[in-house]
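Here the structure is laid out as structure tokens; the discussion comes afterwards.
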Amino acid sequence: MLKGKTALVTGSTSGIGLAVATALAREGAGVMLNGFGDPAAIEELRAGLEAATGSRVRHHAADVAVAAEVAALVRATEESFGAVDILVNNAGIQFLSAVDEFPEERWKAIQDVVLNAGFHAIKAALPGMKRRGWGRIINVSSAHGLVASPFKSAYVAAKHGVVGLTRSVALEVAEAGITCNAICPGYVRTPLVEGQIDGLAQLHGLSREKTVRDVILSTQPTRRFVEVEEIAALAVYLCGEMARSITGAALSIDGGWTAR
Ligand code: NAP
């Protein structure tokens with residue numbers, strides 16, 4: 001379905017981004033991976049993905065918290081593949097704290113990675129998409145882009161910002177063959193969530209097990225984690241021609257969390 005297209009997926013060395021990159025490569029898209037990690041492990045991942053899918057896969061280690069590195073990442077993808085047809089702004093970080101104690105450098109880091117990186121990537125990739133008259137921008141927001149939870153002020157603010165950015169961009173490019181949507185997942189058991197369990201347990205004074213059951217999964221009426229493959233399948237659908245009228249949407253995939 002996506003043969004001849006190129007996808008750039010930020011934060012794709014792990015979790016949701018890796019699943020999205022894998023699914024897009026399976027559909028035939030060339031893929032630029034991005035994210036940190038041990039270089040040898042990333043090379044193994046890249047080569048494995050290329051061998052398993054037959055699609056061309058590259059990796060760029062840009063730190064998306066830095067505007068110039070985001071622009072360089074988009075440029076490198078265009079130079080290596082000829083285009084960025086599909087842009088998935090996925091990289092994300094989290095930090096839990098009461099708002100009146102929130103460390104300012106953590107606040108700034110979250111805004112840079114979660115919100116500002118998407119702006120810089122969209123700004124750099126849009127001219128090429130407009131020239132070609134086709135593009136798909138998918139911003140991985142969160143249920144926290146639509147509703148809030150305590151102790152996550154920076155993340156909630158940034159993810160709400162991602163939904164606003166998505167809507168504005170969608171309106172600007174609606175007639176240019178480009179769609180821009182936000183995916184809003186509920187809890188997915190990736191390293192990002194694993195890393196929060198201890199912090200939440202401490203903040204709520206609960207065991208790890210009780211935190212998963214009574215704090216994390218209590219938000220999701222389905223009482224189970226969303227799987228990365230479910231999000232990847234939605235991303236693939238959004239890249240298809242039958243999704244050309246879906247734009248400016250904030251699509252929940254959250255087990256009913258935001259239906260409450
Ligand atoms: P994850 O497994 O921690 O993956 C995040 C990815 O982003 C990793 O590849 C990470 O690399 C990369 N990354 C972090 N900071 C970066 C930076 N400055 N520059 C480049 N790459 C960077 O997390 P995930 O759960 O898959 O999250 C992916 C997205 O989904 C995030 O935007 C997150 O907010 C969102 N989301 C997640 C959930 C959930 O429950 N998991 C729910 C809703 C939304 P390293 O691993 O090397 O740091």
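The values are calculated or read from the model by the stated rules, or taken from the named source; none is laboratory data. Note that the structure is a prediction, hence the values are computed from the model and not measured. Reconstructed Cβ throughout: ideal geometry from the backbone, glycine too, with neighbour counts over all protein chains shown. Only protein heavy atoms, including side chains, enter the accessible area calculation; ligands, DNA and RNA are left aside. Shrake-Rupley method; radii C 1.70, N 1.55, O 1.52, S 1.80 Å.
So if I take the centroid of the Cα atoms in the stretch 186-246 and the same for the stretch 41-62, what is the distance between those two points in Å?
So the two Cα centres are separated by 25 Å.
Counting only residues 5 or more places away or on other chains, whose amide H sits under 5 Å from the amide H of Ile183 once H atoms are built in the peptide plane?
Amide H to amide H, under 5 Å and 5 or more residues apart or across chains, Ile183 pairs with Asn139, Val140, Ser141, Leu251.
Can you pull the one-decimal nm distance between simple spin-label points at Val99 and Ser218, each 7 Å off the Cα toward Cβ?
Spacing of the two 7 Å Cα→Cβ label points: 2.1 nm.
If you average 1/r across every pair of different Cα atoms in the stretch 199-260 and take the reciprocal, what Kirkwood value do you get, in Å?
So the Kirkwood estimate lands at 13.8 Å.
Could you order Tyr237, Tyr155 so the one with the most accessible surface comes first? Probe is 1.4 Å.
Reading off the accessible areas and sorting them downward yields Tyr237, Tyr155.
Mind checking the full-extension length gain between Glu44 and Glu241? Use 0.36 nm per residue of separation minus the Cα-Cα distance, one decimal, nm.
Difference between extended and current length: 67.7 nm.
Using 10 Å bins from zero, what percent of all Cα-Cα pairs in the stretch 96-175 falls into each bin?
Computed distribution, short to long bins: 18, 44, 25, 11, 2.
When only the heavy atoms of the protein chains count and the probe is 1.4 Å, how do Lys210, Lys5, Lys159 rank by accessible area, highest first?
Lys210, Lys5, Lys159
Please give the solvent-accessible surface of Asp254 in Å², to the nearest 10, using a probe radius of 1.4 Å with every protein chain present.
Taking all protein chains as shown, Asp254 has close to 10 Å².
On the first, second and third principal axes, largest extent first, how far apart are the outermost C-alpha atoms of the stretch 39-172 in Å?
48, 40, 26
First select every other residue whose beta carbon is under 15 angstrom from the beta carbon of Leu146; then total the charges, Lys and Arg +1, Asp and Glu -1.
Cβ neighbours under 15 Å give a net charge of +3.
Write down, largest first, the equivalent ellipsoid semi-axes of the stretch 1-105 in whole Å, where each equals the square root of 5 times an eigenvalue of the alpha-carbon gyration tensor.
27, 15, 13
For the stretch 1-45, evaluate the Debye formula with one uniform point scatterer on each Cα (no solvent term) and list log10 I(q)/I(0) at q = 0.19, 0.21 Å⁻¹, rounded to two decimals.
Values, matching the q order: -0.53, -0.63.
In whole Hz, what ³J(HN,Hα) sequence does the stretch 99-106 give by Karplus (6.51, -1.76, 1.60; θ = phi - 60°), x for Gly and Pro?
Along the stretch 99-106, the couplings run 4, 6, 10, 5, x, 4, 5, 6 Hz.
Take the Cα radius of gyration of the stretch 134-260 and divide it by 2.2 N^0.38 Å, with N its residue count; two decimals is plenty.
1.14
Could you tell me what fraction of 2.2 N^0.38 Å the Cα radius of gyration of the chain comes to, as a two-decimal ratio?
0.97
Of the options Pro185, Gly128, Val169, report the single residue whose Cα projects farthest towards the positive end of the charge dipole of the stretch 126-188 (beta-carbon charges: Lys, Arg +1; Asp, Glu -1).
Looking along the dipole axis, the top candidate is Gly128.
Calculate one ³J(HN,Hα) per residue across the stretch 22-30 by plugging θ = phi - 60° into the Karplus curve 6.51 cos²θ - 1.76 cosθ + 1.60, and present them in order as whole Hz with x for glycine and proline.
So the J values, rounded to whole Hz, are 4, 5, 5, 5, 4, 7, x, 6, x.
Tell me, what is the per residue accessible area of the chain in Å², probe radius 1.4 Å?
On a per-residue basis, the chain sits at 44 Å².
Please state the relative contact order of the chain as a whole percent: Cα pairs under 8 Å, 6+ residues apart?
Taking the mean separation of contacting Cα pairs over the length of the chain, I get 20 percent.
Across the chain, how many lysine pairs separated by 8 or more positions, or lying on different chains, have Cα atoms within less than 25 Å?
9
Which number do you get for Rg(Cα) / (2.2 N^0.38 Å) in the stretch 78-124?
In units of the globular-protein estimate, the stretch 78-124 measures up at 1.53.
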